[in-house]
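What follows is a short report on a single structure.
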Amino acid sequence: MERFLVEGGRRLSGRVRVRGAKNSALKLMAASLLAQGEHRIGDVPNIADITTMRAVLERLGCTVESRADGEHIGVPAEPGLEAPYELVRQMRASIVVLGPLLARRGRARVAMPGGCNIGSRKIDLHLKGLERMGATIGFDHGYLDATGSLRGTDIALDWPSHGATENLMMAATLAKGATTIENAARDPEIVDLAEYLTKMGAKISGAGTQTIVIDGVDGLHAASHDTVPDRLEAGTYLIAAATAGGDVLIERARADHLDIVLSKLADAGAEVDETLDGIRLKMSERPKPVDFVTLPYPGFPTDLQPQMMVLCALASGTSIATENVFENRFMFVDELVRMGADIRTEGHHAVIRGVHELQAAPVRAPDIRAGAALVIAALAAQGTTEVTGLANIDRGYEALEDGLGALGAQIVREAAAPARAS
Ligand code: UD1
C-alpha cells in the first residue's frame with residue numbers, strides 16, 4: 001500500500017513529455033495476435049494495464065520483451081485460445097483479444113471482463129458485431145466462448161463504442177469479404193490501430209470517420225509501429241496547470257486531438273498555444289466557470305471529466321458538467337466534497353459552485369482518472385493531501401508524480417501509514 005503526499009498551493013511551471021497512449025498501446029499489442037512473427041511497438045507506457053496485457057499475450061503463447069525501442073512481441077503460428085479470469089478481471093480492455101483470436105484461430109475463450117468501477121460497462125456491441133460476422137458465442141462458467149469462421153458484413157453500432165469498433169475492425173481484417181462498420185468510434189487511437197493494421201497488410205479505409213470499411217485479406221505479417229501520444233495524459237497536465245495556475249509546455253501533445261478540451265480551457269481563462277514541440281498553457285487568474293458535456297470523440301472526453309470538475313470546483317462561478325458516456329462516473333465527487341468542493345449531482349448532471357479554496361484531506365483514488373483528478377485537487381488545495389489507492393492511478397499513468405514533478409509539483413510517493421487500531 002502506497003500513498004502520495006501532495007503539497008498544495010504551488011503554481012506549475014516547466015515542461016513534460018507525454019508518453020504513448022495507454023488506450024492505443026493496449027490494442028496495438030492485442031492486434032499483434034493477428035500475425036505470426038516478431039512485432040515491435042514503440043512508445044508503450046510503463047503502466048500496470050500494459051503489464052496485464054503483456055501477461056495476457058504471454059498466456060496466449062507469445063513472447064514479450066521490453067527493449068529501448070519498444071515492446072518486441074513474438075507471436076507463434078498458433079496462439080493459445082484462452083484469456084483467463086485472473087488477468088481479464090484486472091483489466092476490462094483484455095476483451096480486445098477476442099476479435100483477433102477468433103479471426104486467427106476460429107475460436108476464442110475470454111473471461112467476462114471486470115475493470116474500472118465506473119458503471120456497468122457492457123460488451124454487447126462487441127458480441128453482436130462478431131455474431132453478425134458469423135461467430136457463435138456462448139457463455140460457459142464466466143467465460144465467453146466464441147467459434148466460427150468470420151465473413152464480411154455491414155455492422156451498424158447503436159453507440160460509437162471505442163472498444164467494439166477496435167475489436168470488430170481487428171476481426172474483420174482476416175474475414176472473408178468486406179466489412180463496413182457504421183457509427184464507428186472516431187478516436188485518434190482507432191486511427192492509430194488502423195495504421196498499424198495497414199502496416200501488417202490489412203486493407204482499411206475510413207478510420208477516423210463514422211464509416212470504416214475493411215476488406216478481408218488471407219493473411220497479415222508482423223510490423224513495427226510507434227504509439228500515438230497520449231491525449232489523456234496531456235489533457236491531465238494541461239488541466240492541472242489551468243487549475244493550479246502556471247506556465248507549462250506539454251511536449252508531444254497533439255492539439256488536433258484535444259480541440260474541445262483546449263477551447264474549454266481557453267474559456268476558463270487559460271492562454272493556450274500550439275507550438276512546434278507541443279502545447280503551451282499559461283494561466284494567471286482564477287478559472288472562470290465552464291459548462292461541458294462528455295461525448296464520444298471528438299466530444300469532450302469522459303476520461304478528462306473528473307479532472308475538469310476540479311477546475312470547475314475552483315472557478316469564479318457555477319459550472320454544469322454532463323456525463324453521457326459512463327454511469328457512476330461521479331463517484332469521486334464525494335472525495336472532492338470532503339476537500340471543500342461544492343458539487344451537487346443529479347443523475348448524469350453535476351452542478352459545481354466554485355469555491356475560493358480546497359483544503360487538504362485524506363482521499364482515495366477510486367479509478368484511474370478520478371485518481372488523477374484528486375491529485376490535481378491536492379495540487380491546488382491548502383496544505384498537504386494524502387492520496388491513497390495509487391494502484392488505480394498506476395494502471396493508467398506512468399509515475400504521475402514524476403510527470404507533474406517535472407512541472408514543479410511536490411509529490412512524494414511513500415509506503416502508506418498502517419491503519420491505527422481503534
Ligand atoms: C475506452 C477507453 C476508456 C474511455 C472509453 C470512452 C480503453 C482501454 N478504454 O473504453 O478509457 O473512457 O473508451 O472513450 O481504450 N457500451 C455498451 N455496449 C458495448 C460497449 C460499450 O453499451 O458493447 C457502452 C459502455 O457501457 C459505456 C459506453 O458504451 O457506457 C462507452 O464504452 P466504450 O466506448 O466501449 O469504452 P471502452 O472501449 O470500454
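Laboratory data are not the source of any read-out in this text; all were calculated from the coordinates shown. These numbers were taken from a predicted model, which means no experiment stands behind them. Cβ placement follows ideal geometry from the backbone for every residue including glycine, while neighbour counts extend to all protein chains displayed.
Around residue 12, with a cut-off of 11 angstrom between Cβ atoms, what is the net charge of the other residues, counting Lys and Arg +1 and Asp and Glu -1? With Lys, Arg at +1 and Asp, Glu at -1, the neighbours total +3. Charged side chains reduced to their Cβ positions (Lys and Arg at +1, Asp and Glu at -1) give the stretch 174-224 a dipole of some 140 debye around its Cα centre.
Within the stretch 281-422, DSSP assigns beta bridges of which about 60% are antiparallel (rounded to the nearest 5). Note on the stretch 277-349: semi-axes of the ellipsoid equivalent to its C-alpha gyration tensor, largest first and rounded to whole Å, are 20, 18, 11. Taking amide H atoms as placed 1.01 Å from N in the peptide plane, the amide H of residue 17 lies under 5 Å from those of 251, each 5 or more residues away in sequence or on another chain. Put in order of Cβ neighbour count within 10 Å, fewest first, the listed residues 136, 51 become 136, 51.
Cα centroids of the stretch 8-68 and the stretch 259-317: 27 Å apart. Here the chain is assigned +1 on the Cβ of each Lys and Arg and -1 on the Cβ of each Asp and Glu. Its dipole about the Cα centre then comes out at about 400 debye. Over the C-alpha trace of the stretch 216-306, radius of gyration and Dmax come out as 15.9, 59 angstrom. Oblate is the label for the stretch 26-92, because a/c, from the alpha-carbon gyration tensor with a ≥ b ≥ c as root eigenvalues, is 1.5 or above and a/b does not exceed b/c.
Quick one: if you take sqrt(5λ) for each eigenvalue of the C-alpha gyration tensor of the stretch 341-422, what semi-axes come out, biggest first, whole angstrom?
22, 17, 15
Taking K and R as +1 and D and E as -1, what net charge do the other residues with C-beta under 11 Å from the C-beta of residue 206 add up to? Residues close to residue 206 contribute a combined charge of 0. By the beta-carbon count within 10 Å of each Cβ, the least crowded to most crowded order of 186, 104, 92, fewest first, is 92, 186, 104. Just so you know, the Rg over Rh for the chain is 0.98, from Cα atoms, with Rh as the Kirkwood radius.
The antiparallel fraction among DSSP beta bridges confined to the chain stands at about 70%. Summary of packing: across the peptides 72-80, 35-43, the per-residue average of other C-beta atoms within 10 Å ranks them, highest first, as 35-43, 72-80.
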